[in-house]
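Contents: one structure, followed by commentary.
The values are calculated or read from the model by the stated rules, or taken from the named source; none is laboratory data. Just so it is clear, the structure is predicted and the values come from calculations on it, not from any experiment. Cβ placement follows ideal geometry from the backbone for every residue including glycine, while neighbour counts extend to all protein chains displayed. Surface areas here come from the heavy atoms of the whole protein model, side chains and all, with no ligands, DNA or RNA. Shrake-Rupley method; radii C 1.70, N 1.55, O 1.52, S 1.80 Å.
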Amino acid sequence: MYDLIIIRYGEIGLKGDNINDFISQLVSNIKRATADLGDFEISTVYGRIFLYAESDKIEKIVGRLANVPGIISLSPAQRFRIGKKVAKFNEQDFEKLKDSVVELFKAEVKNYPTTFKVKTTRADKSFPMESPEINRELGAEILRKIESDSVSLSVDVHQPEHLVEVEIRRGKVYLFLRREAGPGGLPVKSSGKALLLLSGGIDSPVAGWLGLKRGLSLSAVYFDSPPYTSERAKEKVIDLAKVLSRYGGEIKLHIPYFTEVQQEILKNCPSRYTVTIMRRMMIRIANRLAEMNNELALVTGESLGQVASQTLEGLRSSDEVAEFPVLRPLITMDKNDIIASAKRIGTYEISIRPHEDCCTIFVPDNPATQPKLDTIHYGEEDLEIEELINRAVEKMEVITINEDAK
């Protein structure tokens, strides 16, 4: 029934002279997301990308592309070929078009009573019929061929349950009834590379997803503290990275050895400041990894006021040691909104598995919520900071993750 997918982008269309670079990157990401399904023909016109495929693969491809940032919507569609000269489109051709629309409607619409509307987009103005005429004729044909004593069907031009769309472009007519939502935003890899601080919690995977949606290419770092954190805690983070790879492709997960860092902080630093200093050490290690990987920013799941280390003073403390911009996509988001996003992208059920990460162990009873920089500097005096960073990185494990929704 279907032989192509119409892919629409939104924000990319506002990029002016750079639009072709963004479209090329989106096409590359589409090919990456569908590579194991086949080598498909892809063409572009302004505002649209067309992917041509066998009918039996269409729905699976739609499922993949619904996860690709940069795509605002997509429709399984059917081509109706006119010929080289649309001006020669005649009554016989139109009768065939009517039959195609009716068959498509029958295949898609199963539940009655229902309402519908026909909407024609006539981008090719040389087509001999105007949009209102096409809408009337096709709508009438659907009613004639489908409505019966057992089937109740009517036209509703304001709020139809089904929208039959006809697009006329460059000598072809495209027919479709569905628009599936995509993530929107920008294509992954169009905004540069960044490092995500990925814990096993709810927030950081959502922050990573929002970074991907803004065109970032991500790698990730997880701070492992065996034996205080379990192997299952690490497995949870690997599973979260797999979900993110559905949206952005390959992710390199860096797992530095953080146990010694935490032990030294507990032994040498004031207890009220252990969380703040631990966070600063994470940022310092992330600096090293970002420099090694030629990344230009760090991404965190911090949300203002959510925990003791996420006050303005705590964020200022982290920023003081950051050598790269720290991007915080969740900074003003409500926890319920973050949870809703986690459920939508498929990370929530993984994040709530009962395995603690290193951020939730060794938390003092009364952590400083408004840490002063001079007190923090004093508290870090007995730490061999560079040596601790070196050993954490030397003992680091790196895992390449690339699920691609397979």
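With everything on Cα atoms, drop me the angle between helix 91-108 and the longest principal axis of the chain, reported from 0 to 90° to the nearest 10. Taking Cα atoms only, the helix is inclined about 40 degrees. With the chain treated as a Gaussian network of Cα nodes joined by springs under 10 Å, which of LYS106, LYS234, LYS242 yields the largest mean-square fluctuation? So, out of LYS106, LYS234, LYS242, the one fluctuating most is LYS106. Over the C-alpha atoms of region 312-357, the Rg to Rh ratio, Rh being the Kirkwood estimate, stands at 1.08. Spin-label pair ASP337-TYR378: with each label point 7 Å from Cα along the Cα-Cβ axis, the two points sit 3.9 nm from one another.
Residues TYR228, TYR348 ordered from highest to lowest accessible area at a 1.4 Å probe: TYR228, TYR348. Rounded to the nearest 10 degrees, the angle from helix 131-146 to the longest Cα principal axis of the chain is 80 degrees. For the chain, the relative contact order comes to 18 percent (Cα pairs under 8 Å, sequence separation of at least 6).
Per-residue Karplus couplings for region 190-205, computed as 6.51 cos²θ - 1.76 cosθ + 1.60 with θ equal to phi - 60°, are listed in order as 8, 10, x, 10, 9, 10, 8, 7, 9, 9, x, x, 7, 6, 5, x Hz, Gly and Pro entered as x. In the assembled protein chains, SER126 presents an accessible area of approximately 70 Å² (probe radius 1.4 Å). Apolar share of the accessible surface for the chain: 47 percent from carbon plus sulfur atoms, 1.4 Å probe. Going Cα to Cα from LYS372, which lysines come in below 22 Å? Please leave out same-chain ones fewer than 8 positions away. Partners found: LYS267. Of the beta bridges in the chain, as assigned by DSSP with both residues counted there, near 60 percent are antiparallel. Extension gain, ASN20-LYS193: 0.36 nm per intervening residue step, less the Cα-Cα distance, totals 60.3 nm.
Annotation: amide H-H contacts under 5 Å for ILE72 (H modelled 1.01 Å from N, sequence separation of 5 or more, or interchain): ARG8, TYR9, GLY10, GLY184. Pairs from the list LYS189/LYS395; LYS125/LYS213; LYS119/LYS335; LYS60/LYS343 with a Cα-Cα gap above 31 Å: LYS125/LYS213; LYS119/LYS335. The Cβ shell under 14 Å around LEU373 holds other residues with a net charge of -2, Lys and Arg each +1, Asp and Glu each -1.
Taking only protein heavy atoms into account and a 1.4 Å probe, give the accessible area per residue of the chain in Å².
Averaged over the residues of the chain, the accessible area is 47 Å².
Rolling a 1.4 Å probe across all protein chains gives ARG232 an accessible area of roughly 150 Å². In the set (i) 27.0, 88; (ii) 31.3, 98; (iii) 23.2, 96, the label that goes with Rg and Dmax of the Cα atoms in Å computed for this structure is (i). Put simply, the amide H of LYS119, placed in the peptide plane, has neighbours under 5 Å in VAL164, GLU165, VAL166, leaving out anything fewer than 5 places away on its chain. Cross-link partners of LYS193 among aspartates and glutamates, defined as those whose alpha carbon lies under 16 angstrom from its own and excluding same-chain residues fewer than eight positions apart: GLU250, GLU291, GLU295, GLU323. Relative contact order of region 81-177: 40 percent, from C-alpha pairs under 8 Å at least 6 residues apart in sequence.
With respect to the chain, whose longest principal axis is taken over its alpha-carbon atoms, helix 385-394 is tilted by about 50°. Highest mobility in the GNM of the chain, judged by mean-square fluctuation with C-alpha springs under 10 Å and restricted to GLU313, GLU95, GLU323, is found for GLU95. Computed from backbone phi with θ = phi - 60° and the Karplus coefficients 6.51, -1.76 and 1.60, the 3J(HN,Hα) list for region 319-326 is 5, 4, 9, 6, 9, 10, x, 9 Hz; x is used for glycine and proline.
For region 193-401, the relative contact order comes to 35 percent (Cα pairs under 8 Å, sequence separation of at least 6).
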